[in-house]
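Visitor: This is the structure I want to talk about, given as structure tokens.
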Amino acid sequence: MKRIFEIGLCVVLLAALVPARRACAQQDAQFSHFFANRLFYNPAGMSDDNLLHVSLTDREQYWGTSFHPGYRLLNGSYFFGEQNMGAGFTFHEWNMNIETDLIIKGSYMYRLQVGYDAYVNFGLSVGMIHRFLREGYLPGGERFIPTEDDKFNPNLDMGLGVEFHTSHILAGVAVQHLPIKLGDNPARAALHSYYYFGYNFFLDEEWSLFPMLALRMGDRRTNLDLNVRAAYRDLVNFGISYRLDALALMAGININKNFSLSYAFDINIGVTSRRYKPSHELVVTYRCEFRNPDRPLVKFE
């Protein structure tokens, strides 16, 4: 097991150090609710509480602006405790004006216990990426009519990830969109790498505070997320997130033992504040049952 851990960690770290290259498809979505969408960034980012987790995210970027991008993300995962493994799926749609990008993939995660309260997850995702162009108008007002030369073919999409977690610590590194080219004119995305670290402070029996630092690199762009979230029991949570180009206010509530609802309002700052309008992000999460109240649990989503 120690050998598996060393090999898996080296593979992910080496891949994450490869510089991202410019490719056809646009940069990955930057969801403000990083907690609820870890599986999108890291195939090892699955919960291991033996519950079925399903989350649906809708992000409307620069709402009210002509040709504003829209993102839809559906994640699902289940952990098989006796086998120390998890399985998940991801469906992601990016849509703006004349273009729609689709990513559909499945994920596998293996959990390795490395201490009394310490675990390492190894993740692999495999799926398909496709890009569609359709008739419409460009942001400058020019009419666009796609031809046969504008057609993209489906392509293989793969990702690798490692995540370390305890009852207090959450840390991970992952790479997405490994440079694979199948056939002629395949849909491709730039290699992306993600690094994150968070620590959960239990203030008392009812309140907890969870700050997290996340670094996202892709398409020759780097963005840093610094966010903090406060949670009261298993009822409500709220927080704030700072990126290099935006400030997000977040809040969430558990409607009942199965469903929770979260919302984020992004305000552009810096040079983009005058050019772009705010963004809205809504997340609906479903869990098949609630945790045992006698078992301590850190909620990351």
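The values are calculated or read from the model by the stated rules, or taken from the named source; none is laboratory data. In this text the structure is predicted, and so the values were computed from the model without any measurement. Cβ atoms come from the backbone with ideal geometry, glycine included; neighbour counts cover every protein chain shown.
Yes or no, residue by residue, for (1) touching a Leu at 6+ places or on another chain (Cβ under 8 Å); (2) charged (D, E, K, R); (3) assigned to a strand (DSSP E or B):
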site: 223; (1), (2), (3): yes, no, yes
site: 230; (1), (2), (3): yes, no, yes
site: 248; (1), (2), (3): no, no, yes
site: 251; (1), (2), (3): no, no, yes
site: 256; (1), (2), (3): no, no, no
site: 262; (1), (2), (3): yes, no, yes
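Visitor: Please return the ranges of strands (runs of 3 or more DSSP E) entirely within region 77-188 where 2 or more residues are closer than 28 Å to residue 31 by Cβ and more than 15 Å from the chain's Cα centre (by Cα).
Guide: In region 77-188, the matching strands (runs of 3 or more DSSP E) lie at 85-96, 99-115, 118-133, 155-165.
Visitor: Then there is this: Hey, any hits in region 132-142 for a residue that's within 15 Å of residue 163 (Cα to Cα) and out of contact with any Lys or Arg (no Cβ under 9 Å at 6 or more places or on another chain)?
Guide: No, every residue in region 132-142 fails to be within 15 Å of residue 163 (Cα to Cα) and out of contact with any Lys or Arg (no Cβ under 9 Å at 6 or more places or on another chain).
Visitor: Moving on. Collect the residues in region 232-246 that are touching a residue at least 40 places away in the same chain (Cβ under 8 Å) and part of a loop (DSSP other than H, G, I, E, B), keeping them in residue-number order.
Guide: Hits for region 232-246 are 234, 243.
Visitor: Now, a different point. Just the residues that are closer than 17 Å to residue 217 by Cβ and not in a helix (DSSP H, G or I), please, taken from region 30-42.
Guide: 30, 31, 34, 42
Visitor: For residue 115, which of the numbered conditions (1) more than 30 Å from residue 63 (Cβ to Cβ); (2) in contact with a strand residue (DSSP E or B) (Cβ under 7 Å, 6 or more places away or on another chain); (3) surrounded by fewer than 17 Cβ atoms within 10 Å (Cβ to Cβ) fails to hold?
Guide: Tallying (1) more than 30 Å from residue 63 (Cβ to Cβ); (2) in contact with a strand residue (DSSP E or B) (Cβ under 7 Å, 6 or more places away or on another chain); (3) surrounded by fewer than 17 Cβ atoms within 10 Å (Cβ to Cβ), residue 115 fails exactly one: (2).
Visitor: Any chance region 144-155 includes a residue that's touching a Cys at 6+ places or on another chain (Cβ under 9 Å) and either more than 28 Å from residue 39 (Cα to Cα) or modelled with pLDDT under 95 (or both)?
Guide: Yes, there is a match, as at least one residue in region 144-155 is touching a Cys at 6+ places or on another chain (Cβ under 9 Å) and either more than 28 Å from residue 39 (Cα to Cα) or modelled with pLDDT under 95 (or both).
Visitor: Please verify whether region 190-201 includes one or more residues that are under 20 Å from residue 254 (Cβ atoms) and touching a His at 6+ places or on another chain (Cβ under 8 Å).
Guide: The answer is yes; a qualifying residue exists.
Visitor: Given the options 155, 75, 84, name the one that is in contact (Cβ under 8 Å) with a residue 24 or more places away in the chain and closer than 26 Å to residue 280 by Cβ.
Guide: Exactly one residue qualifies, and that residue is 75.
Visitor: Scan 154, 186 and give me the residue that is farther than 30 Å from residue 207 by Cα, surrounded by 17 or more Cβ atoms within 10 Å (Cβ to Cβ) and out of contact with any helix residue (DSSP H, G or I) (no Cβ under 9 Å at 6 or more places or on another chain).
Guide: Every option except 186 fails the conditions.
Visitor: From (1) more than 19 Å from residue 69 (Cβ to Cβ); (2) modelled with pLDDT under 80; (3) not aromatic (Phe, Trp, Tyr), pick out the condition that doesn't hold for residue 162.
Guide: (2)
Residue-wise test of (1) surrounded by 22 or more Cβ atoms within 10 Å (Cβ to Cβ); (2) modelled with pLDDT of 70 or more.
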{"position": "7", "(1), (2)": "no, no"}
{"position": "38", "(1), (2)": "yes, yes"}
{"position": "42", "(1), (2)": "yes, yes"}
{"position": "50", "(1), (2)": "no, yes"}
{"position": "59", "(1), (2)": "yes, yes"}
{"position": "82", "(1), (2)": "no, yes"}
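Visitor: Could you check region 118-151 and list, in sequence order, the residues that are over 20 Å from residue 98 (Cα atoms), without any contact (Cβ under 8 Å) to a residue 40 or more places away in the chain and exposed (fewer than 15 other Cβ atoms within 10 Å of the Cβ)?
Guide: 126, 128
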